[in-house]
Amino acid sequence: MGQLKFGFSSSDQEPPGLPDLSGFDAFYNLLRALVSVQDMANYHERLRILLLLARWQDDPPDVNTVARFIGTEPEAIAGTLGLLRSSGWLVDDRDVRRYSLSAHGRILITFLQFLAQPWAEGDETTVSAELYNTAEKLGLRQDLLAAQFANVLSSLEEHARQMDTALTSESVDIVSKVLQYSRQDMRLAHRALELREKGATLPEAYGQVQRMHGLISHMMNLAGQLETRYKRLLTRDLLAQGAVTLGDIMAWARAASDAELAESLHPHIHVPLKQVWAFPETAILDAGADLAGRLPRAATRTRPPAPVAHDNFQSMPDIDDIKQQLFRAQALLLEHLHFTDPLPLDRWVDQAVWETAVVHFAAALDPELRRASEPVYLTLDAEGKQVKGASAAIAAVTQGELSRILHHE
Amino acid sequence: MSERAAGICAELIRRRLIPRDELSEIEQDLTLRDEVSRRLSEVGLSLLERPGIPFWGVAIADVFRSTETLNAELDVRSLGLLLYLWLQLVAPYFYREQTPPEHLNETPLSEEALLRELPGGWTKSGLQRALSPLRRLHFVETVRGEDAVSAGPMLWLAINHEALLQDLRKDKGLPKALERYLKQEQDRVSAEDA
């Protein structure tokens with residue numbers, strides 16, 4: 001892309017003579033009125049008024065209308081309007097007090113707008129397009145506008161060729177830069193086209209406009225391909241540079257569903273062996289009877305149960321110790337069932353200290369209990385000999401093995 | 001030799017996890033270790049070990065693994081939670097290519113923090129239900145006296161950490177990294193424009 005060059009080089013030529021200042025006097029009052037302000041707020045107010053009038057299409061507005069568009073009270077800007085008028089920025093019809101920009105004022109504010117663009121070093125195409133825009137605002141000759149449009153068009157066609165070349169580049173930086181330029185070019189092309197269509201009166205304008213339409217379509221296609229290539233190259237580089245952080249994976253995990261998380265883990269986990277607890281069921285009854293005989297009821301009900309889970313695997317206790325702890329916990333559970341109203345199983349499970357006992361007690365009843373989707377209620381009959389449940393599965397169990405053992409005991 | 005190997009296999013199957021110092025003989029005797037491994041594989045099991053992890057473990061051999069066998073022990077909810085816990089408790093060591101800590105369970109995670117950070121739909125009781133099978137299978141442990149969990153030995157032994165991390169990097173983390181990078185680029189360009 002071409003580089004803008006301003007000024008002259010002392011090695012190229014001799015400095016010119018004293019510059020001619022004729023015509024600049026006309027701007028003295030205009031510039032002074034713009035900057036003779038107490039603060040930025042005053043400066044902004046004056047600029048807003050001038051920019052409003054520069055864009056004004058209808059009959060010149062009065063002070064009330066200007067105040068409404070500026071967002072202030074008429075009294076607050078009356079003085080500013082008077083100052084701008086006396087300094088040559090505005091002209092007004094003294095009978096009705098309607099304001100419009102003077103000829104010099106219109107030119108100056110238009111070029112100030114042009115200068116206020118966020119210029120970066122470097123792109124003469126953008127400057128050309130904006131000059132074209134500025135010229136169009138000032139109503140310059142159509143043939144000059146057509147020539148300028150042709151310049152913009154040929155510059156953009158050159159940029160499209162650069163985009164085409166970048167499609168085979170392996171450098172993410174090059175592709176990124178061309179893609180970034182292409183976005184600016186697309187905005188520029190649309191802007192130029194809009195202005196050209198608005199001001200096109202010459203016969204050759206139709207051909208130019210058609211070329212620009214074709215170019216925009218081509219550039220859109222290229223930009224899409226460039227974006228795809230950019231992401232592919234970036235993906236390659238991010239992986240190669242180890243730029244994917246654990247935080248990125250955590251960000252995914254925090255938004256993922258259980259099924260997505262499980263699916264990701266599934267191929268990489270060894271299926272553990274099921275824990276099998278083998279112990280005689282009568283031991284539960286023995287332990288229960290033992291506890292019921294030794295402990296006062298109130299104490300039994302408030303005493304914290306013995307720990308069930310062995311939490312520190314570094315010092316894993318012997319399996320028999322675990323069983324003993326389990327028997328005690330299950331006995332306490334049995335005893336609890338004697339003295340309390342029915343409790344939903346899920347509420348039992350909610351108490352961490354009972355969790356292992358409840359799960360294994362349920363396992364002793366029947367594996368189906370663990371698959372129940374609704375709360376399962378366990379109660380003992382009046383004699384405290386038979387476990388009863390609400391679900392069909394419980395009923396089937398209690399009529400079966402455990403009941404037989406209980407009655408046998 | 002055969003009798004001793006059979007005894008070790010029986011003990012492994014009964015306990016599922018055995019501290020390495022209790023089985024020092026298979027550390028030293030590679031022939032015995034091979035026989036234990038072979039005997040387990042003949043019945044569809046595999047011997048689990050990993051450098052730096054002070055346990056021997058046993059699991060269903062990968063060739064016999066299926067969704068059904070896994071889900072019989074761990075439902076989708078618990079599996080999802082397991083991956084989340086792995087990311088928090090174990091993955092950082094493999095991501096930074098560090099050796100596992102001397103005490104495998106040294107970085108506990110409070111249940112309160114888990115409930116706060118887990119994706120929606122978790123309650124305290126739901127968390128307890130999902131943790132229950134993970135505790136039974138020694139993937140996690142309860143921290144005594146605290147409402148917190150830490151990594152259990154199976155969380156270190158029963159997961160192919162490197163392969164899992166690689167897949168997660170490529171399939172899950174990369175799109176997020178790309179999104180993050182593009183956002184930074186966009187912010188940079190916007191700042192330059194401004």
From the list B:Phe139, B:Phe94, exactly one residue is in contact (Cβ under 8 Å) with a residue 60 or more places away in the chain and not assigned by TED's automatic domain parsing to the domain that holds B:Gly52. Which is it? B:Phe94
Residue list for the stretch B:142-194, filter: more than 8 Å from chain A (Cβ to nearest Cβ) and polar (S, T, N, Q): B:Ser150, B:Gln166, B:Gln184, B:Gln186, B:Ser190
Output the number of residues of the stretch A:65-82 satisfying the condition of being open to solvent by less than 50 Å² (accessible area, probe 1.4 Å) and farther than 12 Å from A:Arg97 by Cα. 6
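Please determine whether any residue of the stretch B:177-184 is within 21 Å of A:His270 (Cα to Cα), open to solvent by 30 Å² or more (accessible area, probe 1.4 Å) and of a type in the set (A, V, I, L, M, F, W, C). Please lay out each step first, then the result.
At the first step, the residues of the stretch B:177-184 found to be within 21 Å of A:His270 (Cα to Cα) are none.
Within the stretch B:177-184, none of the residues are within 21 Å of A:His270 (Cα to Cα), open to solvent by 30 Å² or more (accessible area, probe 1.4 Å) and of a type in the set (A, V, I, L, M, F, W, C).
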Residues being of a type in the set (Phe, Trp, Tyr) and either touching a Leu at 6+ places or on another chain (Cβ under 6 Å) or open to solvent by 80 Å² or more (accessible area, probe 1.4 Å) (or both) - total across the stretch A:203-262: 2
Being buried (at least 19 other Cβ atoms within 10 Å of the Cβ), under 30 Å from A:Leu239 (Cβ atoms) and out of contact with any strand residue (DSSP E or B) (no Cβ under 7 Å at 6 or more places or on another chain) is the filter here; which residues of the stretch B:77-93 pass it? B:Leu79, B:Gly80, B:Leu81, B:Leu82, B:Leu83, B:Tyr84, B:Leu87, B:Ala91
Could you grab the pairs with beta carbons closer than 9 Å, sequence gap of 6+ or different chains, first residue in the stretch B:1-24 and closer than 17 Å to B:Val43 by Cα and facing chain A (nearest Cβ under 9 Å), second one in a helix (DSSP H, G or I) and open to solvent by 20 Å² or more (accessible area, probe 1.4 Å)? B:Arg14/A:Ile319; B:Arg15/A:Ile319
Against the condition open to solvent by 50 Å² or more (accessible area, probe 1.4 Å) and in a loop (DSSP other than H, G, I, E, B), how does B:Glu22 come out, does it pass? no
Residues that are of a type outside the set (S, T, N, Q) and at the interface with chain A (Cβ under 8 Å from one of its Cβ atoms): list the helices (runs of 4 or more DSSP H) wholly contained in the stretch B:42-131 that include at least 2 such residues. B:67-73, B:76-89, B:91-95
Sort out which residues of the stretch A:1-42 are at pLDDT 85 or above, under 45 Å from the mean Cα position of the chain (by Cα) and open to solvent by less than 70 Å² (accessible area, probe 1.4 Å), and write them in order of number. A:Leu34, A:Ser36, A:Ala41, A:Asn42
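Could you check, for the stretch A:77-94, whether at least one of its residues is in a helix (DSSP H, G or I), of a type in the set (D, E, K, R) and on the phi < 0 side of the Ramachandran plot?
yes
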Could you list all residues from the stretch B:94-121 that are touching a Lys or Arg at 6+ places or on another chain (Cβ under 9 Å), closer than 20 Å to A:Ser257 by Cα and either among the hydrophobic types (A, V, I, L, M, F, W, C) or crowded, with 18+ Cβ neighbours inside 10 Å (or both)? B:Glu111, B:Leu115, B:Leu118
Residues of the stretch A:232-254 being touching a helix residue (DSSP H, G or I) at 6+ places or on another chain (Cβ under 7 Å) and farther than 30 Å from B:Gly120 by Cβ, in sequence order, are A:Leu233, A:Leu234, A:Asp237, A:Leu239
Among the numbered conditions (1) basic (Lys, Arg); (2) surrounded by fewer than 18 Cβ atoms within 10 Å (Cβ to Cβ); (3) in the same structural domain as B:Ala158 (by TED's automatic domain parsing), tell me where B:Arg38 comes up short. (3)
State whether the residues of the stretch A:169-186 include one that is part of a helix (DSSP H, G or I), farther than 24 Å from A:Lys231 by Cβ and modelled with pLDDT under 85. no
Of the criteria (1) of a type outside the set (Val, Ile, Thr); (2) touching a helix residue (DSSP H, G or I) at 6+ places or on another chain (Cβ under 8 Å); (3) surrounded by fewer than 20 Cβ atoms within 10 Å (Cβ to Cβ), which one A:Asp185 fails: (3)
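The values are calculated or read from the model by the stated rules, or taken from the named source; none is laboratory data. What you are looking at is a predicted structure, and each value in this text was computed from that prediction instead of being measured. Methodologically, a virtual Cβ is constructed for each residue, glycine included, from the backbone with ideal geometry; neighbour enumeration extends over all protein chains shown. Areas reflect the complete protein model, heavy atoms only, side chains present, ligands, DNA and RNA absent. Shrake-Rupley method; radii C 1.70, N 1.55, O 1.52, S 1.80 Å.
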